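S.K.: First the structure, which I've put down as structure tokens, then a few questions once you've had a look.
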Amino acid sequence: MDQRQISGHWRPWGHFEVQLSSGSVTISRYKIEFWIDGQPIAATQLARNPAPLVSDIVANYVLALTAPGQKLVLAPSSDTVNADGTLTANDQRPTQQSLYLEYVVSGKDLEHAWVTWRGRNRASMGELLLSLTEADTREVIRRHFGAPGFVAFVIDSEAQVSIRELALRVNSAFVIGTPTYYLEGLTPGGLVIEEADDGCALSVCTGDVAEEDLLARLTALQ
């Protein structure tokens, strides 16, 4: 399918209040729906496997939402997938292990850290936070977007938070099913970008960045 036929449609998606260590924060949430041939991909048969169609445009939007001077951090899904995004056998490496070997061990990452948490009725899990060059970021999103759990963080320079500091804050703040896990330590100026609608859309959450500012960052994509 021709990538130029796919477009992103921005719309507000509500507001909610969360309690961070810094106090109560009102979170604004927006959705970027991906459309093809005049209708949302989520409403078509393509919704069964949208990743091959949207991964390139997802990378465009994620990078565009990262303003100059900000740091983009990927949190790759812990699902076990191949480099092309297809599911692997149980004896193959999960995504995070593969990316750790490919980018961290080889010294290609700009910065990284591990988050460790214990889920409900589950053993402890490790989550890799990874900062890469623009080219490598595009490649990781192209290969791995589509596995459930895709998350990217945008950290503003004013927040003065390193990835390792963010990992420590996330470790102490984790609450299953709430945005506290992702937003702790990101304000001021931070964003959380997550997969939505089973890969047919993106969710963008922020505690203090105006919608007008976010739309201005996306102007070049229109």
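S.K.: Right, LEU214: assigned to a helix (DSSP H, G or I) and either of a type in the set (D, E, K, R) or at pLDDT 80 or above (or both) or not? Spell out how you get there, then give the answer.
M.R.: On the way: assigned to a helix (DSSP H, G or I): yes; either of a type in the set (D, E, K, R) or at pLDDT 80 or above (or both): yes.
Taking the combined requirement at face value, the residue satisfies it.
S.K.: Kindly provide the set of residues from the stretch 51-66 that are of a type in the set (Ser, Thr, Tyr) and either modelled with pLDDT of 95 or more or part of a loop (DSSP other than H, G, I, E, B) (or both), ordered by number. Can you show your working first?
M.R.: Taking the stretch 51-66 first, the residues of a type in the set (Ser, Thr, Tyr) are 55, 61, 66.
Selection gives TYR61, THR66.
S.K.: Something else about it: Would you confirm whether or not the stretch 119-132 contains a residue that is surrounded by fewer than 15 Cβ atoms within 10 Å (Cβ to Cβ), polar (S, T, N, Q), under 19 Å from the mean Cα position of the chain (by Cα) and at pLDDT below 85?
M.R.: Filtering the stretch 119-132 down to residues surrounded by fewer than 15 Cβ atoms within 10 Å (Cβ to Cβ) leaves 119-126.
Now narrow it down to the ones that are polar (S, T, N, Q): 121, 124.
Still in the list and also under 19 Å from the mean Cα position of the chain (by Cα): none.
Looking through the stretch 119-132, none of the residues is surrounded by fewer than 15 Cβ atoms within 10 Å (Cβ to Cβ), polar (S, T, N, Q), under 19 Å from the mean Cα position of the chain (by Cα) and at pLDDT below 85.
S.K.: Can you tell me which residues in the stretch 140-160 are crowded, with 22+ Cβ neighbours inside 10 Å and either more than 14 Å from LEU72 (Cα to Cα) or at pLDDT below 85 (or both)?
M.R.: HIS144, PHE145, GLY146, PHE150
S.K.: THR206 - would you say it is at pLDDT 75 or above, surrounded by 22 or more Cβ atoms within 10 Å (Cβ to Cβ) and not aliphatic (A, V, I, L, M)?
M.R.: On the way: at pLDDT 75 or above: yes; surrounded by 22 or more Cβ atoms within 10 Å (Cβ to Cβ): yes; not aliphatic (A, V, I, L, M): yes.
Yes; evaluated as a whole, the condition is true for this residue.
S.K.: Within the bounds of the stretch 67-81, is there any residue that is out of contact with any Gly (no Cβ under 9 Å at 6 or more places or on another chain), assigned to a loop (DSSP other than H, G, I, E, B), more than 19 Å from SER203 (Cβ to Cβ) and modelled with pLDDT under 65? If you could, list the steps in order and put the result at the bottom.
M.R.: Of all residues in the stretch 67-81, those out of contact with any Gly (no Cβ under 9 Å at 6 or more places or on another chain) come to 68-69, 71-74, 80.
With assigned to a loop (DSSP other than H, G, I, E, B) added as a condition, the list becomes 68-69, 80.
Narrowing further to those that are more than 19 Å from SER203 (Cβ to Cβ): 68-69, 80.
Narrowing the set further to residues that are modelled with pLDDT under 65 leaves 80.
Yes; the residues of the stretch 67-81 include at least one that is out of contact with any Gly (no Cβ under 9 Å at 6 or more places or on another chain), assigned to a loop (DSSP other than H, G, I, E, B), more than 19 Å from SER203 (Cβ to Cβ) and modelled with pLDDT under 65.
S.K.: Across the stretch 9-50, what is the number of residues that are of a type outside the set (S, T, N, Q) and outside any strand (DSSP E or B)? Outline the logic, then answer.
M.R.: Of all residues in the stretch 9-50, those of a type outside the set (S, T, N, Q) come to 9-18, 20, 23, 25, 27, 29-38, 40-43, 46-48, 50.
Cutting the leftovers down to outside any strand (DSSP E or B) gives us 37-38, 41-43, 46-48, 50.
The number of residues fulfilling the criteria is 9.
S.K.: So, one more: Which condition does PRO12 not pass, out of (1) within 20 Å of VAL154 (Cβ to Cβ); (2) buried (at least 17 other Cβ atoms within 10 Å of the Cβ); (3) in contact with a Phe, Trp or Tyr (Cβ under 7 Å, 6 or more places away or on another chain), if it passes all the others?
M.R.: With (1) within 20 Å of VAL154 (Cβ to Cβ); (2) buried (at least 17 other Cβ atoms within 10 Å of the Cβ); (3) in contact with a Phe, Trp or Tyr (Cβ under 7 Å, 6 or more places away or on another chain) applied to PRO12, the lone miss is (2).
The values are calculated or read from the model by the stated rules, or taken from the named source; none is laboratory data. Remember, it's a predicted structure, so these values are computed and weren't measured experimentally. Cβ: placed from backbone, ideal geometry, glycine included. Neighbour counts: every protein chain shown.
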